[in-house]
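The values are calculated or read from the model by the stated rules, or taken from the named source; none is laboratory data. On a predicted model such as this, the values are computed, not experimentally measured, just so you know. With ideal geometry, Cβ positions are generated from the backbone for all residues, glycine too; neighbour counts draw on all protein chains shown. Calculation scope for accessible area: heavy atoms of the full protein, side chains included, ligands and nucleic acids excluded. Shrake-Rupley method; radii C 1.70, N 1.55, O 1.52, S 1.80 Å.
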Amino acid sequence: MVTLPKLNELGFFEIRLESIGGLGANLAGKMLAEAGVVGVGLNGVSFSSYGSEKKGSPVKAHIRFCDTNTNIRDASPVERPHVVGIFHESLSKTVNVISGIYEDSIVLVNSTKTPEQLKEKMKLLGGTIAVVDAIGIALEEKNRTNMAMLGALFRLCDFLDPETMKAVIRKSLEKKYPQAVQPALRTFERGYNEVRFQTFDLPEGMQMPAFVRQDTPVLGYETQPIGGTITNPGNSILKDLSISRAGMMPHFAEDKCIHCAACDNVCPDFCFVWEEQLDKRGRPQMFLQGIDYQYCKGCLKCVKACPTEALTDEREEDGYAEAHRVPHRFDLAVN
Ligand code: SF4
Ligand code: SF4
């Protein structure tokens with residue numbers, strides 16, 4: 001049996017996957033656990049926390065490993081992970097994805113940035129940052145992001161055997177989808193080979209912030225909010241759906257647009273911004289101004305509906321949405 005590299009006070013090596021619904025983190029967690037249990041003889045468990053969320057909402061998968069002499073009686077979410085796998089870089093805008101990490105935890109991010117850039121962006125003090133362009137690999141290999149992330153996770157959890165994982169991929173796909181076996185294997189291998197990582201020491205005199213439980217605050221008669229108080233208000237104007245985009249987004253070319261509104265008819269999220277202007281004959285008409293990317297979840301229905309190629313599907317680049325967003329102008333005045 002293999003030896004786990006680190007253990008917490010209960011004897012567990014713990015992994016947390018931070019993702020959005022639809023990227024396959026739940027399945028990746030199950031496959032990781034299976035590779036640990038069946039492949040290398042560890043005790044292990046995997047479960048996910050997601051509820052009624054629709055595709056595109058934040059989800060977490062939790063994996064726990066220990067040796068066979070340790071019983072797993074802890075079914076609580078992983079709060080202090082030795083490895084965190086972040087399936088969507090933008091999640092860090094709204095979720096504390098690095099919550100509870102140790103000084104020597106490994107943070108794997110699906111990103112095109114460098115480890116240094118991510119250290120700045122995520123305000124990490126120290127630890128190992130690993131990066132893999134899982135969406136890019138998946139698009140090139142016409143496969144799933146989770147396969148590339150799994151490849152990278154196997155490289156980082158070197159007590160797991162990648163050959164076991166490849167056998168699981170073959171076994172689960174070859175009967176029903178034989179044509180999908182090779183793309184899945186290639187995506188897994190590229191994730192394994194292309195992950196880059198760098199370790200940063202804590203700056204001298206600094207310590208990791210003390211761990212504070214954030215997701216499940218201890219509420220009692222002294223600390224509970226006053227009844228009926230909404231402490232986290234939200235509505236469809238405030239909502240930011242940009243974390244729901246899984247790598248692709250529509251681009252708008254105004255010069256090709258005939259303002260037919262076919263895109264607006266299919267968009268489920270009120271993304272298209274219009275303005276009344278005079279047409280060539282001086283008659284008032286609605287003209288499309290652009291896309292409010294705050295509400296765009298990247299479903300690409302608009303691209304399929306557009307008759308003129310004024311909308312195209314493109315790989316999302318960092319900063320594009322902010323630079324090209326045409327914001328809705330809501331009149332929030334209350335009379
Ligand atoms: S991809 Fe297009 S249809 Fe889908 S949410 Fe974004 S703008 Fe709307
Ligand atoms: S469907 Fe295409 S052409 Fe029609 S309004 Fe939308 S972007 Fe313009």
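Figures for the structure shown
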item	result
Exclusive hit being open to solvent by less than 10 Å² (accessible area, probe 1.4 Å), modelled with pLDDT of 90 or more, aromatic (Phe, Trp, Tyr) and in contact with a Phe, Trp or Tyr (Cβ under 7 Å, 6 or more places away or on another chain), set Phe65, Phe87	Phe65
Qualifying residue in the range 148-156 (condition: open to solvent by 70 Å² or more (accessible area, probe 1.4 Å) and under 24 Å from Pro203 (Cα atoms))	no
Residues of the range 247-297 that turn out to be in contact with a Pro (Cβ under 8 Å, 6 or more places away or on another chain), assigned to a strand (DSSP E or B) and surrounded by 14 or more Cβ atoms within 10 Å (Cβ to Cβ), as a count	2
Boolean, Arg170 is modelled with pLDDT under 95 and either touching a Ser or Thr at 6+ places or on another chain (Cβ under 8 Å) or closer than 22 Å to Ala25 by Cα (or both)	yes
Residues of the range 9-30 that turn out to be modelled with pLDDT of 90 or more, among the aliphatic types (A, V, I, L, M) and surrounded by fewer than 24 Cβ atoms within 10 Å (Cβ to Cβ), as a count	1
The one condition in (1) within 10 Å of ligand 2 (Cβ to nearest atom); (2) open to solvent by 80 Å² or more (accessible area, probe 1.4 Å) that Arg329 fails to fulfil	(1)
Residue list for the range 257-275, restricted to those being touching a residue at least 40 places away in the same chain (Cβ under 8 Å) and either touching a Gly at 6+ places or on another chain (Cβ under 6 Å) or more than 10 Å from ligand 1 (Cβ to nearest atom) (or both)	Cys257, Ile258, Cys260, Ala262, Val273
